[in-house]
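Worksheet: the structure to be examined is printed underneath.
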Amino acid sequence: MYKPVLGIIGGGQLGSMLSQAAKKLDIRTVIYCDDPDAPGQHFADEFIFGRYDDYNKLREFCYKIDLITFEFENIPFETLENLNKEKKVIPYPKINKIVQNRLFEKDFINKCDLRTTKYVYIKNIKDLEASDNYFPALLKTCTLGYDGKGQFKIENSDQISKLNLEFNKEYILEKLVNLKTEISVVLTRYGHQRYSIYDPIENKHEEQILKYSEIPAKIDNSILEKSKDWASILAEELDYIGTMCVEFFVDINDNLYVNEIAPRVHNSGHLTINAYNVSQFENHIRAVCGIEKIELKKICDAKMINLIGNDINLYKGKKFNDNEFFYDYLKKEVKEKRKMGHITILKN
Ligand code: ADP
Ligand code: MG
């Protein structure tokens, strides 16, 4: 069978885990990353350090590979488009154009007739002052936010002046959803109506960073079905190939809202490595490299715990039970709020 050499943009934990999954399928990977210390260099067959706008370095990368995928969505769109002229980029760059901007993303979800929280575009302080009917709300930068970065909670109009907002950036104001729970649906699309869909995962965040993910999610069957359905509507509409994740809110009245789309493997899907016969990473590699799809089977219920910042030091060298799996991302430096590793605990 033809096995392409796969280029991966981004060398964090997701790129590392993609490389590991590729190795299992006998596929060579070359990671391109703008961080010389990125952990991906320990897992890929080859590692290239370069900026995302260094076209000479990127060309060098293109010579070595047959196709390109990525571990994060915020690669400059121009870079993706240029790369796509040399070697095919999968998922398609046009998808990044939508999801790189929270406003375009929410407009797209609503165009698909799926519910999001109420939101409005904010370009200056006047817009914000005129939007007090959205409060309590979260003000988010339209671009480049992750793990709660670039987000401001606003309870009432009095707080606006204290925020020190920079209006050289664009924002979206989102009405706060009264959360009962948060879930995510990870799926892999192989082509028209061909899917592997994992069961919804229940997620708990601390300070807007994912801390715990668990299956099965404690949700009604109707929400389970609806969330899987909505995730596949979005994937179909995007003509998505590979693994993606849709984050959802469930409010106290059991209404479902799409929060955001991650066009890539996702932190909440890490438990699929141990809890399913095929992980989200292996599924991604299979779909983008055109390898056959295997029918998905859940092996076990599971819980994943993110090890953030110094948490990791409590687990290094610790003895684990047979049902506990510890992953150290091998990041060079421990930083507060940095995802350093995770543990998956299987339940019988
Ligand atoms: P990020 O790109 O940083 O993951 P999200 O928009 O997913 O940004 O926000 C991170 C977390 O903040 C969410 O998982 C949720 O816990 C909380 N949050 C974000 N937006 C809302 C909202 N509109 N209502 C309630 N909680 C929210
Ligand atoms: Mg999120």
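Observations on the structure shown:
- Test: Ser184 is touching a strand residue (DSSP E or B) at 6+ places or on another chain (Cβ under 6 Å), closer than 25 Å to Lys118 by Cβ and within 13 Å of ligand 2 (Cβ to nearest atom): yes
- Per the conditions (1) in contact with a Lys or Arg (Cβ under 6 Å, 6 or more places away or on another chain); (2) in a strand (DSSP E or B); (3) under 25 Å from Ile219 (Cβ atoms); (4) within 16 Å of ligand 1 (Cβ to nearest atom), the sole criterion not satisfied by Ile172 is (3).
- Of the residues making up segment 116-169, those that are away from ligand 1 (no atom under 13 Å from the Cβ) and either touching a helix residue (DSSP H, G or I) at 6+ places or on another chain (Cβ under 7 Å) or open to solvent by less than 80 Å² (accessible area, probe 1.4 Å) (or both) number 17.
- Residue pairs whose Cβ atoms lie under 6 Å apart, sitting 6 or more positions apart in sequence or on different chains, and linking a residue in segment 39-51 that is touching a residue at least 24 places away in the same chain (Cβ under 8 Å) to a partner that is assigned to a loop (DSSP other than H, G, I, E, B), are Pro39/Tyr329; Pro39/Leu330; Pro39/Lys331; Gly40/Gly11; His42/Leu330; Asp45/Arg28.
- Members of segment 62-113 found to be part of a loop (DSSP other than H, G, I, E, B) and either open to solvent by less than 20 Å² (accessible area, probe 1.4 Å) or of a type in the set (Ser, Thr, Tyr) (or both), listed by number: Ile65, Ile75, Ile90, Pro91, Tyr92
- Residue among Asp254, Asp199, Asp239, Asp229 that alone is free of Cβ contacts under 8 Å to residues at least 40 places away in the same chain and over 29 Å from Glu336 (Cβ atoms): Asp229
- Complete set of residues in segment 1-20 that are open to solvent by 10 Å² or more (accessible area, probe 1.4 Å) and out of contact with any Lys or Arg (no Cβ under 9 Å at 6 or more places or on another chain): Met1, Tyr2, Met17, Gln20
- Residue tally, condition in a helix (DSSP H, G or I) and touching a Gly at 6+ places or on another chain (Cβ under 6 Å), over segment 272-326: 5
- In segment 316-348, the residues that are open to solvent by 60 Å² or more (accessible area, probe 1.4 Å) and of a type in the set (Asp, Glu): Asp322, Glu333, Glu336
- Sole exception among (1) open to solvent by 40 Å² or more (accessible area, probe 1.4 Å); (2) more than 16 Å from ligand 1 (Cβ to nearest atom); (3) on the phi > 0 side of the Ramachandran plot for Glu225, by number: (3)
- Residues located in segment 203-222, provided they are more than 12 Å from ligand 1 (Cβ to nearest atom) and charged (D, E, K, R): Glu214, Lys218, Asp220
- Those residues of segment 240-260 which are among the polar types (S, T, N, Q), away from ligand 1 (no atom under 13 Å from the Cβ) and more than 14 Å from the chain's Cα centre (by Cα), in sequence order: Asn253
- Every pair of residues 6+ apart whose Cβ atoms lie under 7 Å, when the first sits in segment 146-174 and is within 23 Å of Lys118 (Cβ to Cβ) while the second is hydroxyl-bearing (Ser, Thr, Tyr) and away from ligand 2 (no atom under 16 Å from the Cβ): Ile172/Tyr121; Leu173/Ser131; Leu173/Tyr134
- Scoring Glu292 on the criteria (1) closer than 27 Å to Gly148 by Cα; (2) open to solvent by 20 Å² or more (accessible area, probe 1.4 Å) leaves a single failure, condition (1).
- Some residue of segment 195-202 being at pLDDT 95 or above, within 16 Å of ligand 2 (Cβ to nearest atom) and not in a loop (DSSP other than H, G, I, E, B): yes
The values are calculated or read from the model by the stated rules, or taken from the named source; none is laboratory data. Just so it is clear, the model here is predicted, and its values are computed rather than measured. Methodologically, a virtual Cβ is constructed for each residue, glycine included, from the backbone with ideal geometry; neighbour enumeration extends over all protein chains shown. Just the protein is used for accessible areas: all its heavy atoms, side chains included, with ligands, DNA and RNA removed. Shrake-Rupley method; radii C 1.70, N 1.55, O 1.52, S 1.80 Å.
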